[in-house]
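Enquirer: Handing you a structure now.
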Amino acid sequence: MTPPRPALDLSLLPDGGVRWLDASGPNSDIVISTRMRLARNVSGYAFTGRARDGERLRMLAQVRDALGAVPSLSGSLLVRLEELATVDRQLLHERHLVSKELAGLDPQHPIRSGAAVFLGESVGLLVNEEDHLRLQSLRSGFAVPQAFESVHRLDQELGSQVPFAFHREFGFLTACPTNAGTGLRASVLIHLPGLVLTKEIGKVLSGLQQMGLTYRGLYGEGSEVVGNFFQLSNQTTLGRSEEELQDLLVRVVRHVIEREEEARRVLVRDAGYIIEDKLWRAYGTLRYARSLTFDEAMNYLSGVRLAVGLKLITGLSVYTLNKLLIFAQSAHLAHLEQRTLTESETNLARAKYVRQVLVSEGGGVE
Amino acid sequence: MICDNCKERDAVVNLTRIVDNAVTQLHLCEKCAAEKGVETTVAVAQHPLGDILQAVQQQASTTSEDAAACSFCGATARDFRATGRLGCPHCYDAMEKSLRELLRRLHGSSRHVGQRYDAPVTHVATPKPDSIHDLRDRLQRAVDTEQFELAAELRDRIKVIE
């Protein structure tokens, strides 16, 4: 029997949807990506959670009609999530292009009529998520001003076509009061193995919470921290300007990067051979294992990423490691294998995929 | 009906199970249901605002805002406490007082100091105010949430347009 062709062709995306992975941005050995998100709602409609099907569809149609006058999204791809199979929705989520809620993968929020995403080059527009509109920009490395500029341009262009809900005192109005005001969530996805290994991470995380930042796992709210990847973002959105929120993130993340670099120096100085052995074992497991769970793969990838950062392993690019981070997830593996996989089949497929990538783009062995 | 499991007590829980497309019905008493891990009490809503909402709940329950429904979407302060989500932009005015306090606790401020915004005044993309579709949706929502006064008003406005 021929397996059904996947309905979603991601090669249609303007930049394949993965330019943010290419490790071309500043500090990309430690910071994988920078994301800026603005929450907006359209006047005249109930918020998504309370809206009826017809209202959500009319809102989507209104936005779609306005996009002709929004250069930031010219040539963007419209994906109607409700029309996709679960595995395709999961694939978009694994690529960080749509949230779990919009993709209907969160058991508390089944897929809604009108759930859609417009995907442009490095920018995207999520429609009918918790808020009507979530404008976002995703960039490689530690690129706060660049990411903000993209999302700000999209905001200005769209806001001059579609009336956003705005209050003189409370700013941009959102379904959850935690997003009101600027609606801006500025975040970085950062890899902090040095701070975890030196057990400094607790102090750093509680310090950044005191500064008004919060941390989450690889996939944002509600996700676990795996593989020492943390998402750091501003905790509050009201009472500070967009510039102040960006400055705060830049200041704190710069400090965290310095602490991570210092921790790595300490590791090499005080426990050089133990660390070297640990990291080579991580590489060996990825290179030869026949079955890998997602958490295992993430943890060993974290080790190899650190080894590349410490120049213990050479010839393996950060881009390759970033790709593994995304492409070794279950929906991607199902697409690769062109069939539905059970959990154990996924683990086998993951080990096979990781081996192949490491062999073809592999690091030097001393 | 007697419990399918213990065959002693009255069944109070009807459990529908779907295994490999086969539907089976199980009637259980409260005790047997609990033993099988079936929750029989209504779960308390979990949302990220947690304690803060509870604090505001105590404060809000003494104000008149608690009972008043938003005239646009029909949401009440009670709906907000149950879901952690407001119903529409107009809710910010309908619940202004308690929201100001909540925003202050959440953000340390209740005043937006960022970018100002003026919505486009006249444009093809601006929604027609109170279109028949919108009014019908609002009427249906008002009926669903038993906001009968609002429903009657919306019904009259629809009649005028029709």
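Enquirer: Count neighbours as other Cβ atoms within 10 Å of each site's Cβ, and list the trypsin sites (Lys or Arg not before Pro) in the range A:254-334 that are DSSP loop with at most 14 such neighbours.
Expert: Details: sites: A:Arg254, A:Arg259, A:Arg264, A:Arg265, A:Arg269, A:Lys278, A:Arg281, A:Arg287, A:Arg290, A:Arg305, A:Lys311, A:Lys323; in loops: A:Arg290, A:Lys311.
Listed in order of number, the matching sites are A:Arg290, A:Lys311.
Enquirer: Another question, then. Taking amide H atoms as placed 1.01 Å from N in the peptide plane, list the residues 5 or more away in sequence, or in a different chain, whose amide H sits under 5 Å from that of B:His27.
Expert: When sequence neighbours closer than 5 places are left aside, the close amide H contacts are B:Asp4, B:Leu15.
Enquirer: According to the square roots a ≥ b ≥ c of the eigenvalues of the Cα gyration tensor, what is the shape class of the range A:75-161, taking rounded for a/c under 1.5, prolate for a/b larger than b/c otherwise, and oblate for the remainder?
Expert: Working: a/c = 2.06, a/b = 1.56, b/c = 1.32.
Since a/c reaches 1.5 and a/b is larger than b/c, the shape of the range A:75-161 is classed as prolate.
Enquirer: Also, I was wondering about something else. Say each of B:Glu146 and A:Ser206 gets a label point 7 Å from the Cα, pointing the same way as Cα to Cβ; how far apart are those two points in nm?
Expert: Between B:Glu146 and A:Ser206, the simple spin-label model gives 4.8 nm.
Enquirer: Please give, to one decimal in nm, the separation of the simple spin-label points placed at A:Ile274 and B:Glu162, each 7 Å out from Cα toward the Cβ.
Expert: Roughly 7.8 nm, to one decimal.
Enquirer: Okay, next question. Tell me, what ³J(HN,Hα) does each residue in the range A:251-257 have, in order and in whole Hz, if you take phi through Karplus 6.51 cos²θ - 1.76 cosθ + 1.60 with θ = phi - 60° and put x for Gly and Pro?
Expert: Once rounded to whole Hz, the list reads 4, 5, 5, 4, 5, 5, 4.
Enquirer: What does a probe at B:Asp93 reach in the range A:45-73, counting residues whose amide N is under 15 Å from the point 7 Å along Cα→Cβ?
Expert: A:45-46
Enquirer: What is the distance, in nm, between label points placed 7 Å from the Cα along the Cα-to-Cβ direction at A:Leu78 and at A:Tyr288?
Expert: Taking the two extended label points, one gets 5.4 nm.
Enquirer: Would you be so kind as to list the residues of the range A:20-62 that have their accessible area lowered by at least 10 Å² in the full protein complex compared with their chain by itself (1.4 Å probe)?
Expert: A:Ser43, A:Gly44, A:Tyr45, A:Ala46, A:Phe47, A:Arg50, A:Arg52, A:Glu55, A:Arg58, A:Gln62
Enquirer: Can I ask one more? In whole Hz and in residue order, list the ³J(HN,Hα) couplings for the range A:134-147 that follow from phi through the Karplus curve 6.51 cos²θ - 1.76 cosθ + 1.60, θ = phi - 60°; x for Gly and Pro.
Expert: 10, 8, 9, 9, 10, 10, 6, x, 8, 10, 4, x, 5, 5
Enquirer: To continue, here is another question. Can you compute 3J(HN,Hα) from phi for each residue in the range A:93-100, using the Karplus curve 6.51 cos²θ - 1.76 cosθ + 1.60 with θ = phi - 60°, rounded to whole Hz and x for Gly and Pro?
Expert: Using θ = phi - 60°, the values come out as 5, 4, 7, 6, 8, 9, 7, 4 Hz.
Enquirer: Using the alpha-carbon atoms, what tilt in degrees (0 to 90, nearest 10) does helix A:343-360 show relative to the longest principal axis of chain A?
Expert: 70
Enquirer: Given the -39500 (n - 2.57) contribution per DSSP H run of 4+ residues, what per-residue ellipticity at 222 nm results for chain A, rounded to the nearest 500 deg cm²/dmol? Could the numbers behind the result be given before it?
Expert: Values: 10 runs with 153 residues, N = 366.
Calculated mean residue ellipticity at 222 nm is -13500 deg cm²/dmol.
Enquirer: Then there is this: Quick query: amide H of A:Phe164 versus all other amide H atoms, modeled in the peptide plane; which residues come in under 5 Å with a sequence gap of 5 or more or a different chain?
Expert: Counting only residues 5 or more places away or on other chains, the set is A:Ser43.
Enquirer: Per the Cauchy relation, a quarter of the hull surface: what is the mean projected area of the convex hull of the alpha carbons in chain A, in nm²? Write down the numbers at each step before the final one.
Expert: Numbers: hull surface 74.4 nm².
Result: 18.6 nm².
Enquirer: Tilt of helix A:294-309 relative to the longest C-alpha principal axis of chain A, in degrees (0 to 90, nearest 10)?
Expert: So the helix axis and the longest Cα principal axis differ by about 70 degrees.
Enquirer: Sticking with this structure for a sec: To the nearest 20 Debye, how big is the dipole of chain A about its Cα centre, given +1 on the beta carbon of each Lys and Arg and -1 on that of each Asp and Glu? Can you show the working numbers first?
Expert: On the way: 41 positive and 42 negative charges, 59 e Å.
With Lys and Arg at +1 and Asp and Glu at -1, about 280 debye.
Enquirer: I've got another one for you. Tell me: how much accessible area in total is hidden between B and A, 1.4 Å probe, Å², nearest 100? List each step's numbers first, then the result.
Expert: Details: alone 12190 and 16490 Å², together 24650 Å².
Adding both sides of the contact gives about 4000 Å².
The values are calculated or read from the model by the stated rules, or taken from the named source; none is laboratory data. Small disclaimer: the values here were computed from a predicted structure and weren't measured. Note: ideal-geometry Cβ built from the backbone for every residue, glycine included; neighbour counts use all protein chains shown. Note: areas computed on protein heavy atoms with side chains; ligands, DNA, RNA excluded. Shrake-Rupley method; radii C 1.70, N 1.55, O 1.52, S 1.80 Å.
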